[in-house]
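Here's the structure we're looking at; comments come further down.
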Amino acid sequence: MKRLLSLSVVALLLTLCTAGIVSASSPASKPKIVSVIDSDTFLLDNGSLWRDDFDGARRNQFNLVSIEETDTGGWGLTAGGKVVSWGYLEKSKELPYMKEVAQLSKYGYWLKKDGTVWNHDEEVAGLSNIRLLDARGHVLAALSNSGDIYKKQGSGKPELIANVPNAVSVHVNDYDTIVVDKEGTVTHYAPFQKEPVTVTTDADNVQWFEPQQLLITKKDGTVWVSDRTNKFAMEQIHNLKDIVKMTSPDSGSSVYFQQKDGSWNVFSEEGIEKMKVPEMKSIKLIVTRTTPKLGDHFLIAVEEQYTNGYTHKRYPNKDELVIDQPQLIERVPDNKFKARGVGETSVKITAHGLSSQAKISVSLDEPLQHAIQKDGIVYLPLKSVFQTLGGKVTSVPSTKEHHIQLGSKKIKLQSGSKLATVDGMAYTMKGVVQTAGGTTVFPAELLKHMLQANISWDNHWKQATVKFGSAKMIVQSDETAKVQKRAKQGDLAKYIGKSYWINHFQGWERFNKLTVTDIVPDGTLYTIVFKHANGKTLTSYPMSASAVTWLFTDQTELLNYDPYKRYKWSKSVWEKIKNEKVSTGMTKEQVLMSWGQPRNTSYITGGNITVESWGYGSGSSLSIITFTNGKVTGIYQ
């Protein structure tokens, strides 16, 4: 229960506090409070609701037209007739069972347009033709169209307590009912009271403040306190003037007064304080990728910071953003942006008189081709460069002119000419626009003149780098790929041009000659390109650099000599060796050439005889070859 405020305390607080309060109306552009539940929960005339929950201050744009306190938080009626509820520990939600709502009241009570009264999704029996509700502390009062005043306590049935045909409002607490009629007469009804008591006759609004106190706003805008324990004696609260509305939540000890100018004051034991609508104090532009690559998608959002600590993130409207180089980024569906041109641009948002900006630098991931350096001048491919910068290129073969639209800039170039026209202003370049290798190129210095680009030529890699602040693109020459390839080949390049003879490599026919024509790098692997003796091109499987070195230095797969020239064996012997066969009479060198190195060896020498055994394989696939004085005398498989 609220603490009871004596009239003397009320008067003292008003005397101390009202002197510093100025009732100035807000600028027309600023929203105003139209309805209040408490200091943290109020409705603005733009339909937005300010409230507190577990995460702190929150603003919801529900497009509400009215709000009311509930036992778990609050609920509001939208302009479209829907009801949204919220709580301190729960998210807001729509209540679909509430339709045709005429009035929202407290503690789950609401009035339907057909005059029936409901508590959440259950109809309250015994009430019909109702036009107004008031609920407080689980006590419900209802006013019918014919002036009948009903009171319902808890789960009890509605009780008819009076009929006031010209009644305009009812107000209840646990025991009492106050009725206000059209003339402003305030009448008190209570159980066990023989006759109703007239409190005053010129009231405009009434509010129970305490169980024994009424706050009354008169038609002249003054505010009075009427004490039930003192026969409703009335005492004016001075310095409160031009009051048109007041409200007080069931929980708490504050009353909220709206003045004629629309401003609201909150009155409590601490004094009177002017209610302020939270204002946006700063905005911050948020870009999810400030250094995107050409073609990337990213988001641009704005974070709004309010004076009450509330932070709101949203996507900016189209008319709020200014992009100084619009050819570089474009808005696409789903509130995304796409990097469509290389360069650097500032993006600025202006909203509610505040502004924030960010810089976006778009770079090119994959290099362009066909740059050249000639006579100390760097030339770049005309069409691909300007298109990569976000421009549009139109060439006219008959006049050899090239018309370029780059953002707001209009550029004209002509093949064979040093003259460039930029937005109607002539500029003479050091070199002429010309054709090189079938591609039209232009002097790169033009980009420095137009866009303050930084142009550099890397003589080692034979390529140009074009920078716009933090943004950059690389344009390679036709030599760049060769230089890069040589760098990746490193020491492996020494094997190019050398010849080898097939031994046991990739199942190719043995002892044919191969010449290495290239070693092609692909990431961390390399593919070897051979020219076969028959003139055909053969390629190896991809392998690491160390595997390439092993292949060319180990004799198992490739021989670094011509075996036919080294060994003058008969044709029949060579046929056996090529087919990996062994026969008696073959020498150890011939067996090695046919089967390779044995798994194990042993020998016995006696007199002039040496018997040697070579083992190949193991287990059931074990093969043993015996040599007597260096020639095969036995084969056991």
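The values are calculated or read from the model by the stated rules, or taken from the named source; none is laboratory data. For clarity, every value in this text was computed on a predicted model and none was experimentally measured. All Cβ positions, glycine included, derive from the backbone under ideal geometry; neighbour counts span all protein chains shown. To get the accessible areas, we keep the full protein, side chains included, count just its heavy atoms, and leave off ligands, DNA and RNA. Shrake-Rupley method; radii C 1.70, N 1.55, O 1.52, S 1.80 Å.
Points worth noting:
- The one condition in (1) part of a helix (DSSP H, G or I); (2) open to solvent by 60 Å² or more (accessible area, probe 1.4 Å); (3) not aliphatic (A, V, I, L, M) that Lys410 fails to fulfil: (1)
- Conditions (1) free of Cβ contacts under 8 Å to residues at least 24 places away in the same chain; (2) of a type outside the set (D, E, K, R); (3) in a strand (DSSP E or B); (4) crowded, with 16+ Cβ neighbours inside 10 Å; number of the one not met by Leu132: (1)
- The set of residues in region 530-559 being in contact (Cβ under 8 Å) with a residue 40 or more places away in the chain, part of a loop (DSSP other than H, G, I, E, B) and under 18 Å from Leu492 (Cβ atoms) consists of Glu557 alone.
- Residue check, Asp522 without any contact (Cβ under 8 Å) to a residue 40 or more places away in the chain and open to solvent by 50 Å² or more (accessible area, probe 1.4 Å): yes
- Within region 456-483, the set of residues being open to solvent by 50 Å² or more (accessible area, probe 1.4 Å) and in contact with a Lys or Arg (Cβ under 6 Å, 6 or more places away or on another chain) comprises just one member, Glu479.
- Residue in region 389-407 that is surrounded by fewer than 16 Cβ atoms within 10 Å (Cβ to Cβ), in contact (Cβ under 8 Å) with a residue 12 or more places away in the chain and closer than 14 Å to His370 by Cα present: no
- Output for region 302-356, where each listed residue is surrounded by fewer than 17 Cβ atoms within 10 Å (Cβ to Cβ), on the phi > 0 side of the Ramachandran plot and in contact (Cβ under 8 Å) with a residue 12 or more places away in the chain: Gly309, Asn335, His352
- Residues within region 203-217 that are more than 15 Å from Val255 (Cα to Cα) and within 54 Å of the chain's Cα centre (by Cα), tallied: 1
- Against the criterion of being surrounded by 16 or more Cβ atoms within 10 Å (Cβ to Cβ), of a type outside the set (Ser, Thr, Tyr) and at negative phi, Asp202 does not qualify.
- Qualifying residue in region 363-370 (condition: touching an Asp or Glu at 6+ places or on another chain (Cβ under 7 Å) and either under 30 Å from Val302 (Cβ atoms) or open to solvent by 80 Å² or more (accessible area, probe 1.4 Å) (or both)): no
- Among (1) open to solvent by 90 Å² or more (accessible area, probe 1.4 Å); (2) small (Gly, Ala, Ser); (3) modelled with pLDDT of 95 or more, the one test that Ser620 misses: (3)
So that you can scan it fast, the table gives a plain yes or no per residue for (1) of a type in the set (A, V, I, L, M, F, W, C); (2) at pLDDT 90 or above; (3) under 23 Å from Ser248 (Cβ atoms):
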{"position": "Lys2", "(1), (2), (3)": "no, no, yes"}
{"position": "Ser8", "(1), (2), (3)": "no, no, yes"}
{"position": "Leu14", "(1), (2), (3)": "yes, no, yes"}
{"position": "Cys17", "(1), (2), (3)": "yes, no, yes"}
{"position": "Ser26", "(1), (2), (3)": "no, no, no"}
{"position": "Leu44", "(1), (2), (3)": "yes, yes, yes"}
{"position": "Val65", "(1), (2), (3)": "yes, yes, yes"}
{"position": "Leu77", "(1), (2), (3)": "yes, yes, yes"}
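- Checking each residue in region 375-399 for being under 40 Å from the mean Cα position of the chain (by Cα) and assigned to a loop (DSSP other than H, G, I, E, B) picks out Leu389, Gly390, Gly391.
- Once region 184-212 is narrowed to residues that are in a loop (DSSP other than H, G, I, E, B) and touching a Ser or Thr at 6+ places or on another chain (Cβ under 7 Å), the residue that is nearest to Glu159 (Cα to Cα) is Pro196.
- Test: residue in region 563-577 that is surrounded by 10 or more Cβ atoms within 10 Å (Cβ to Cβ) and part of a loop (DSSP other than H, G, I, E, B): yes
- Of all residues in region 251-270 being surrounded by 15 or more Cβ atoms within 10 Å (Cβ to Cβ), of a type in the set (Gly, Ala, Ser) and touching a strand residue (DSSP E or B) at 6+ places or on another chain (Cβ under 7 Å), the one that is modelled with the lowest pLDDT: Ser253
- Annotation: of all residues in region 213-250 being assigned to a loop (DSSP other than H, G, I, E, B) and open to solvent by 60 Å² or more (accessible area, probe 1.4 Å), the one that is modelled with the lowest pLDDT is Asn239.
- The residues of region 139-155 that are open to solvent by 20 Å² or more (accessible area, probe 1.4 Å) and either over 25 Å from Phe209 (Cα atoms) or touching a residue at least 40 places away in the same chain (Cβ under 8 Å) (or both), listed by number, are Asn145, Ser146.
- Some residue of region 257-270 being over 46 Å from the mean Cα position of the chain (by Cα) and either part of a strand (DSSP E or B) or not hydroxyl-bearing (Ser, Thr, Tyr) (or both): yes
- Restricting the search to strands (runs of 3 or more DSSP E) fully inside region 436-491 and requiring at least 1 residues that are over 40 Å from the mean Cα position of the chain (by Cα) gives 439-443.
- Within region 156-178, considering residues that are touching a residue at least 24 places away in the same chain (Cβ under 8 Å) and of a type in the set (D, E, K, R), the one most open to solvent (accessible area, probe 1.4 Å): Lys157
- Restricting region 498-519 to residues that are open to solvent by less than 50 Å² (accessible area, probe 1.4 Å) and either in contact with a Gly (Cβ under 9 Å, 6 or more places away or on another chain) or outside any strand (DSSP E or B) (or both), the residue that is farthest from Lys581 (Cα to Cα): Val516
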